[in-house]
1. Scanning for something in contact with a helix residue (DSSP H, G or I) (Cβ under 7 Å, 6 or more places away or on another chain), surrounded by 12 or more Cβ atoms within 10 Å (Cβ to Cβ) and part of a helix (DSSP H, G or I), does the stretch 72-82 turn up at least one residue?
2. Is it true that Glu16 is part of a helix (DSSP H, G or I), at pLDDT 95 or above and surrounded by fewer than 18 Cβ atoms within 10 Å (Cβ to Cβ)?
3. Looking only at the stretch 25-42, decide whether some residue is loosely packed, with under 15 Cβ neighbours inside 10 Å, small (Gly, Ala, Ser) and in contact (Cβ under 8 Å) with a residue 24 or more places away in the chain.
4. Mind listing whichever residues of the stretch 43-60 are touching a helix residue (DSSP H, G or I) at 6+ places or on another chain (Cβ under 7 Å) and either within 15 Å of Glu71 (Cα to Cα) or in contact (Cβ under 8 Å) with a residue 40 or more places away in the chain (or both)?
Amino acid sequence: MAKLDIRVDIDWTDCELIEQIPGKVSGRPIVRGTRIMPDGIVNSYDMGESIEDIHEDWPSLSIAQIKRLIEFAHAHREQSYP
């Protein structure tokens, strides 16, 4: 069985959906207006959860937001790790 590397080293600063606020979730990147860390969403998707399942886990995010976070992370990985 292939090992799935779910470590996500993403620089989220260029994603329009992300903010970092000192003192809020220890200053980690979070989805704007929430306390949701995008790495959890991307990791869930990479581990095989469907977008609909992820939406059930984080109903305050729209399907479009979830897709955008996943697309951003995957595009960043492709550029950073050829």
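The values are calculated or read from the model by the stated rules, or taken from the named source; none is laboratory data. Treat the numbers as computed from the prediction; the structure is a model and nothing was measured. In this analysis, Cβ positions are derived from the backbone assuming ideal geometry, glycine residues included, and neighbour counts consider all displayed protein chains.
1. Going through the stretch 72-82, the residues in contact with a helix residue (DSSP H, G or I) (Cβ under 7 Å, 6 or more places away or on another chain) turn out to be 73.
So of that shortlist, the ones also surrounded by 12 or more Cβ atoms within 10 Å (Cβ to Cβ) come out as 73.
Of the ones still in play, those that are also part of a helix (DSSP H, G or I) are 73.
The answer is yes; a qualifying residue exists.
2. Numbers: part of a helix (DSSP H, G or I): no; at pLDDT 95 or above: yes; surrounded by fewer than 18 Cβ atoms within 10 Å (Cβ to Cβ): yes.
Here the answer is no, as Glu16 does not meet what is asked.
3. Among the residues of the stretch 25-42, not one is loosely packed, with under 15 Cβ neighbours inside 10 Å, small (Gly, Ala, Ser) and in contact (Cβ under 8 Å) with a residue 24 or more places away in the chain, which makes the answer no.
4. Selection gives Ser44, Tyr45, Ile51, Ile54.
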